[in-house]
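Peer 1: Below: one structure in structure tokens.
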Amino acid sequence: MTAMAQVPAVSETENGREPASGPGTENAGAARSTRTWAVIAAACAGQFLVVLDVSVVNVALPSMRTDLGLSTIGLQWVLNAYTIAFAGFMLLGGRAADIFGRKRMFLAGLGVFTAASLAGGLAQEGWQLLAARGVQGLGAAVLAPATLTILTAAVPAGPARTRAIATWAAVGAGGGAAGGLVGGVLTDALSWRWVLLINVPTGALVLAAAVLWLTEGRAKEARRRLDLPGAVLVTGGLAVVAYGIVQTEEAGWTAAATLVPLLGGLLLLAAFLLVEARTKQPLMPLRLFRVRAVSGANAGMMVTGSASFAMWFFMTVYAQNVLGYTPLQAGLALIPSSLSVVLGSKLAPLLMRRIGARHVAVLGALVGAAGFGWQSAMTADGTFLKTILGPGILMMAGAGLAMTPLAALATASAAPGEAGLVSGLVNTSRTMGGAIGLSVLSTVAAARTSHGTGPVALTEGYALAFRTGTGLLVVAALLMFFWLPRQSDT
């Protein structure tokens, strides 16, 4: 039986009503069970789409470069424009779900995401594609927190919610994993434009299902205002820091072209923290980080995300640029990794009941580190079994094992009126870590290759990136072991 099938039927309201009981209520219970199924399916579908679009463009990047004349840095910003807008505005999206209603924000975010996908698929210039990807990220930032809030509102705290979160995490991880295959099939069979255009009919179907099946719900403090200055400062800070890191590829770490944006971005982030400490209605109440489960889980999510997100990028470009795979072959080669991340996410709740959420998260980071270490031994004449299959399975199984306990720990500590905010924070940490991690590891790889384009030079750069990722995951394991709460009640 799947995790979704094991989720008990519960009402989705926040007014404290309990399901009816007694004679003649079996049909009503079945109806509630069907609705709960549909709610979880809609939430997972939304999460699948936003995570898919983080990785689906990877195999299409060479085709985009040829068609639109994008530079190497421009190609990185096809990824970063989406992920930075996604990460930067997700806290705002999470708070909006609490204030204006999770269904309303789900529909609004999915609508913006779908429209931007259409614009990106029809882009005729590089700047048009980058702008569309940024708007896509904004829509995803509104949509993603609503998916987790919808799910946690539909299922009561306890083992049932943990299984539902595991399903959500597995579907989200599967979206990232499936990106290579979906992108490869569409790029080979049609064109790179369809990696974005495919979201239009898919988004329309999910919108229709959400209108029919989701019910509205919001926090009691529904008249609170959004902290727009905070959202602008955190998004601007992340974007400028990421730009500074990317500049190191051409200018180095000590050049003004690198230091100015890095320092400027850090100042913007410092201003964000100052605003949050002083405003009456902050986007991110700093008191949340006094809760050990919230702060530790988000720190763990950020560091593990910085490595696992970059893994898809480097595995894809290694398969195509070094081993000579076509986009479709590269996507097919990553299918076992896709399955392993789903398996890891589904295995996590079983292990959590035996050894606790904290130990499962640490185990996931260590399994992932073993895979990264193996991958760092890659060679220019590597084989599928040794340089893609084996390490890919370990890397992604570890990511799946780590994500579920981290999400469960963070959301279990959320107050009813802050569920959307904490959900947004979890997604922000993972996505922000991924955006910064990709920028840093890409810079590390480029520095090692010294701009060489031969298979041996590229492999040396990719290998160093994976060794760096190994170190990041070991740090994540230590951080989670000492920071996360010891109790295993999730």
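Peer 1: Can you pull out the chymotrypsin sites (Phe, Trp or Tyr not before Pro) in the range 319-420 that DSSP calls coil and that have at most 13 other Cβ atoms within 10 Å?
Peer 2: none
Peer 1: If every alpha-carbon in the range 241-376 counts as one equal scatterer, what log10 I(q)/I(0) does Debye give at q = 0.17, 0.19, 0.20 1/Å?
Peer 2: -1.13, -1.15, -1.17
Peer 1: Continuing with this model, one more query. Kindly provide the pair-distance distribution of the range 257-326 built from C-alpha pairs, with 5 Å bins from 0 and whole-percent values in order of increasing distance.
Peer 2: 3, 13, 11, 12, 17, 15, 11, 7, 6, 4, 1, 0
Peer 1: Quick one: what are the phi-derived ³J(HN,Hα) couplings along the range 98-114, Karplus 6.51/-1.76/1.60 with θ = phi - 60°, whole Hz, x for glycine and proline?
Peer 2: 5, 8, 9, x, 5, 5, 4, 6, 4, 5, 5, x, 5, x, 5, 4, 5
Peer 1: Moving on to the next point. Calculate the radius of gyration of the Cα atoms of the range 49-96 to one decimal place, then report Dmax, the largest Cα-Cα distance, as a whole number, both in Å.
Peer 2: 12.8, 40
Peer 1: Could you go through the range 270-285 in sequence order and give the Karplus-derived ³J(HN,Hα) for each residue, using 6.51 cos²θ - 1.76 cosθ + 1.60 with θ = phi - 60°, rounded to whole Hz, and x for Gly and Pro?
Peer 2: 5, 5, 4, 5, 5, 4, 5, 6, 10, 6, 6, 10, x, 5, 10, x
Peer 1: Further, regarding this structure: Of all accessible surface on the range 234-329 at a 1.4 Å probe, what whole percent is carbon and sulfur?
Peer 2: Details: 2710 of 4090 Å².
That share works out to 66 percent.
Peer 1: Pairwise over distinct Cα atoms, reciprocal of the mean inverse distance: report the Kirkwood radius of the range 303-395 in Å, one decimal place.
Peer 2: For the range 303-395, inverting the mean 1/r across all distinct Cα pairs yields 13.9 Å.
Peer 1: Quick check: pseudo-label points 7 Å beyond the Cα along Cα→Cβ at residue 482 and residue 125, how many nm apart are they?
Peer 2: In this crude spin-label approximation the distance works out to 5.2 nm.
The values are calculated or read from the model by the stated rules, or taken from the named source; none is laboratory data. Every value quoted in this text rests on a predicted model; they were computed, and no experiment measured them. Virtual Cβ from ideal backbone geometry, glycine too; neighbours counted across all protein chains shown. We work out accessible area using only protein heavy atoms, side chains counted, and drop any ligands, DNA or RNA first. Shrake-Rupley method; radii C 1.70, N 1.55, O 1.52, S 1.80 Å.
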